[in-house]
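Engineer: Structure below; questions to follow.
Laboratory data are not the source of any read-out in this text; all were calculated from the coordinates shown. No experiment lies behind these values; they were computed from the predicted model shown. Every residue, glycine as well, gets a Cβ built from its backbone with ideal geometry; the counts of neighbours run over all protein chains shown.
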Amino acid sequence: MQARSAAGLLAQAAEALRAVARLGGLLPAVSLWHLRTAIRQEAAARAQLAEQRDLRSVASSQ
């Protein structure tokens, strides 16, 4: 499985937040789904960035 880039994950999170803004509270359940999606994508991006940082740290110490 090919990992998605952190930038791609953050772009998807931003799109989910834009969807919430477009809904404007008209559909709370759908807005909540988009908010949860954005949070998951942001968390995955943070984890991927941390992993990349750790890999660079290990590589530079060798």
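Engineer: How many nm separate the modelled label positions at residue 60 and residue 33, each set 7 Å beyond the Cα in the direction of the Cβ?
Structural biologist: Taking the simple label geometry, residue 60 and residue 33 are separated by 4.3 nm.
Engineer: How far is helix 6-23 tilted, in degrees, relative to the longest principal axis of the Cα atoms in the chain, given as a value from 0 to 90 rounded to the nearest 10?
Structural biologist: 10 degrees
Engineer: Here is a further query. Give me 31, 57, 5 sorted ascending by neighbouring Cβ count inside 10 Å, so fewest comes first. Mind showing how you got there, number by number?
Structural biologist: On the way: 31 18, 57 9, 5 13.
Listing 31, 57, 5 from fewest to most nearby Cβ atoms yields 57, 5, 31.
Engineer: Expressed as an acute angle from 0 to 90° and rounded to the nearest 10, what is the orientation of the C-alpha long axis of helix 28-61 relative to the principal long axis of the chain?
Structural biologist: Helix 28-61 sits roughly 10 degrees off the main axis of the chain.
Engineer: Further, regarding this structure: Calculate, for residue 51 and residue 22, the FRET efficiency according to 1/(1 + (r/R0)^6) with r their C-beta to C-beta distance and R0 25 Å; round to the nearest 0.05.
Structural biologist: Numbers: r = 33 Å, r/R0 = 1.30.
Computed FRET efficiency for residue 51 and residue 22 comes out at 0.15.
Engineer: Quick one: which of 44-52, 20-28 comes out on top by average Cβ neighbours within 10 Å, and what's the full order, highest first?
Structural biologist: 44-52, 20-28
Engineer: If you put +1 on each Lys and Arg Cβ and -1 on each Asp and Glu Cβ, how big is the dipole of the chain around its Cα centre, in Debye rounded to 20?
Structural biologist: Values: 8 positive and 4 negative charges, 19 e Å.
Around 100 debye, computed over the chain.
Engineer: Hey, what's the Kirkwood Rh for the chain if you take every pair of different alpha carbons, in angstrom? Spell out each step's value before the answer.
Structural biologist: Details: mean 1/r = 0.0777 Å⁻¹.
This gives a value of 12.9 Å.
Engineer: Can you tell me, using C-alpha contacts under 8 Å and at least 6 residues apart, the relative contact order of the chain as a whole percent?
Structural biologist: 42 percent
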